[in-house]
Structures are given as structure tokens and as C-alpha cells.
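Single-structure report; data block below.
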Protein chains: 2
Amino acid sequence: MSKLDETIAALKFDEKGLIPAFVVDAENKDVLMMAWMNAQSLRTTVETGQTHFWSRSRRKFWKKGESSGHTQDVRAVYTDCDADTLVVEVIQHGAACHEGYRSCFYRRLGADGGWDVVAEKVFDPDRVYKDEA
Amino acid sequence: MSKLDETIAALKFDEKGLIPAFVVDAENKDVLMMAWMNAQSLRTTVETGQTHFWSRSRRKFWKKGESSGHTQDVRAVYTDCDADTLVVEVIQHGAACHEGYRSCFYRRLGADGGWDVVAEKVFDPDRVYKDEA
């Protein structure tokens, strides 16, 4: 068992074998997205240097950017005091959000109690994901 | 039903009624901690301007800083495209981590596959939490 295997085995995955991973832009520290990893996706992320996750809705291992080309090069992986959450710093190619925004967190709570869109789209999702439409 | 009630009701809480909230330092954008919110803790966070969470291990509503005095003043709340995750920007008083570090994410994965501590403690948890010891 490698040191990395031991490190991954010691993380606190939830009852579904998943751990939340927050992806942060290494250049400007913006939070880009949150996705779930299992042990395999974390190991592949570390070994390849590109982010891989586990989709709960599709029940599928996936590489970020496999459809869009908007991959993420890993610069650093952090865990917290409880070892049950990850932060992954990346160089983001293109944009993180499948809706066309640089970050998935493009809505801010306004004074009226509703969400305000506070970013502009950087690509047209109908073009980037046309093969899946 | 207020607009805020509608906004909260439209979020995608998990099967336990919880949503992950990533707390980010409004001053330097460091990720400080991750904790879970239910509808009540989010409403109280918005209404009081200070962060409140739900502890899964203690099954208890809690205010950040209630023991340590290390409260968090909310500057902004964001949600993502799936409306199943929150990012909360705060002014952090003291430090976020109960172990004495400014951020809970004080360990970075090293080239050898193990965790390296990459921050220094800013307070002594034995003194700050002495009433709970």
C-alpha cells in the first residue's frame, strides 16, 4: 500500500464513499465549483494532475472537461481538520460551470431575499455541449 | 411566505435536510471551513448576519464562535448552478479552526503522498476552549 493509498484510506468518506471537493481558482482564489470525489477519483486526480469526480446523479466517474474541453490542472490539494472535505486548487481552462459561467457560484443573495446573477457568461453552453444536446 | 423563505425552500437540501456551506475569508479569499446548514441555520445566518450551522455529529444547531468568541460576520452568500451548495463570505474574528489555525484547511498533500501542515496556529485551543475541556 503506497503512502497515497494510506492517506486516501484515512480520509472520512461519507456513507456513500464520497467526500465533497471544493475547486478553487489557483490564480485569483475564486471558488469555481463543488463536486464529489470517491477514493478512485481522488487517486486519479492526484496521479494524472487533472480533476476527476463522481457524479451522484449519473452514478458515474467523470473527468472535468471530458465533454467541454474545460479541464482543470491541479496545483494543490488540501484537507481540513476533520479530514472530511477537500479543497483543490486548479488552473481552470475555459470555464468551470456547464451553464457558461467561469464559476458555478454566479448568484449572490440580494437584500430582497432573492438571488442576483453577479457574473457574465464566458461561453455559450449550446455550442460547447452541442454533441450532448 | 417571504421572498427569503421562498429562496431557501427552493434550495436543494440533501435527504437529511442539509446543504454544504463553504466559508471564505472576505478579505483574502482563503477557504476557512466547511460546515452544514439546514433551512433554519441559513435563515438565522441571513437574519443575524452571523454564521450558524447544523452539527451532524452533535445533532445540534450552533453559532460559529459561541464557545470561542471567533464569530463570522457575513458579507455575502452565493449558491451554485445546481442550488445544492453555498459559499459564504465572512469577516472572520479570531480563527475559524477549533485546532487553532486560521483556516481548517491547513494541510496540503505533499509529493510523497502524505499531508504537510502548511500553516501556523494563531491561538492555543486549550486556552480558548478551556471551559469545554
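Counting only strands (runs of 3 or more DSSP E) that fall entirely inside region A:54-133 and contain at least 2 residues that are within 14 Å of chain B (Cβ to nearest Cβ) and open to solvent by 60 Å² or more (accessible area, probe 1.4 Å), the qualifying elements are A:115-117. Among all positions in region B:43-51, there is no residue which is open to solvent by 50 Å² or more (accessible area, probe 1.4 Å) and in a loop (DSSP other than H, G, I, E, B). When B:SER68 is tested against (1) in contact (Cβ under 8 Å) with a residue 60 or more places away in the chain; (2) closer than 23 Å to A:GLY110 by Cα, exactly one condition is not met: (2). The single condition among (1) in contact (Cβ under 8 Å) with a residue 40 or more places away in the chain; (2) more than 30 Å from A:ASP5 (Cβ to Cβ); (3) surrounded by fewer than 22 Cβ atoms within 10 Å (Cβ to Cβ) that B:PRO20 does not meet is (2). If I filter region B:38-54 for residues that are closer than 18 Å to B:ALA96 by Cα and at pLDDT below 95, do I get at least one hit? Scanning region B:38-54, I find no residue that is closer than 18 Å to B:ALA96 by Cα and at pLDDT below 95, so the answer is no.
The values are calculated or read from the model by the stated rules, or taken from the named source; none is laboratory data. Since the model is a prediction, treat every value here as computed from it, not as a measurement. For neighbour counting, all protein chains shown are included, and Cβ atoms are generated from backbone atoms with ideal geometry for every residue, glycine included. Surface accessibility is based on the protein's heavy atoms, side chains included, excluding ligands, DNA and RNA. Shrake-Rupley method; radii C 1.70, N 1.55, O 1.52, S 1.80 Å.
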